[in-house]
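Colleague: Structure below; questions to follow.
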Amino acid sequence: MNYTVDSAKRNLEGNGLEVGQANIKVIGIGGAGNNMVNWLYKKGIRGAEIIACNTDQQHLNMIESDKKFLLGKDITRGLGCGGFPERGAEAAQESLNEIKD
């Protein structure tokens with residue numbers, strides 16, 4: 001693996017591109033995704049920002065992550081989507097500006 005990285009660095013030298021640190025974000029969405037990011041966070045994964053997004057405020061309060069986003073505050077009032085993907089899509093659309101930031 002180190003050979004591959006070193007080879008790539010040598011190939012990029014002199015062409016004006018900078019080789020730097022990767023910006024890795026792990027994003028969990030919904031109950032299952034939030035359970036996974038909670039597990040990763042508790043395992044102490046380093047080098048990645050752990051982000052949780054959910055429409056269920058109670059579930060967000062129970063998990064640990066670097067950042068948390070409540071999706072669709074007005075649509076779901078923090079009570080979740082009740083298993084309806086259409087409501088999740090509406091909640092994400094409502095929170096689009098927060099997601100972009």
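Colleague: Give the cross-link partners of residue 43 among the aspartates and glutamates, using a straight C-alpha distance below 19 Å as the criterion and excluding same-chain residues fewer than 8 apart.
Modeller: Candidates past the 8-residue exclusion: 64, 66.
Colleague: Mind ordering 88-97, 46-55, 71-80 by average Cβ neighbours within 10 Å, highest first?
Modeller: 46-55, 71-80, 88-97
Colleague: What's the extension gain from residue 40 to residue 23 if we count 0.36 nm per residue and subtract their Cα-Cα distance?
Modeller: Fully extending the segment from residue 40 to residue 23 adds 4.4 nm.
Colleague: Calculate the tail of P(r) for the range 22-100: the fraction of all Cα-Cα distances greater than 21 Å, expressed in %.
Modeller: 24 percent
Colleague: A follow-up question, please. Collect residues whose amide H, placed 1.01 Å from N in the peptide plane, falls under 5 Å from the amide H of residue 72; neighbours closer than 5 in sequence don't count.
Modeller: Result for residue 72 returns 95.
Bear in mind these aren't lab numbers, they're just calculated from the coordinates by the rules spelled out. As the structure is a prediction and not an experimental result, all values here were calculated from the model. Don't worry about glycine lacking a Cβ; one is built from the backbone with ideal geometry, like all the others, and counts go over all protein chains shown.
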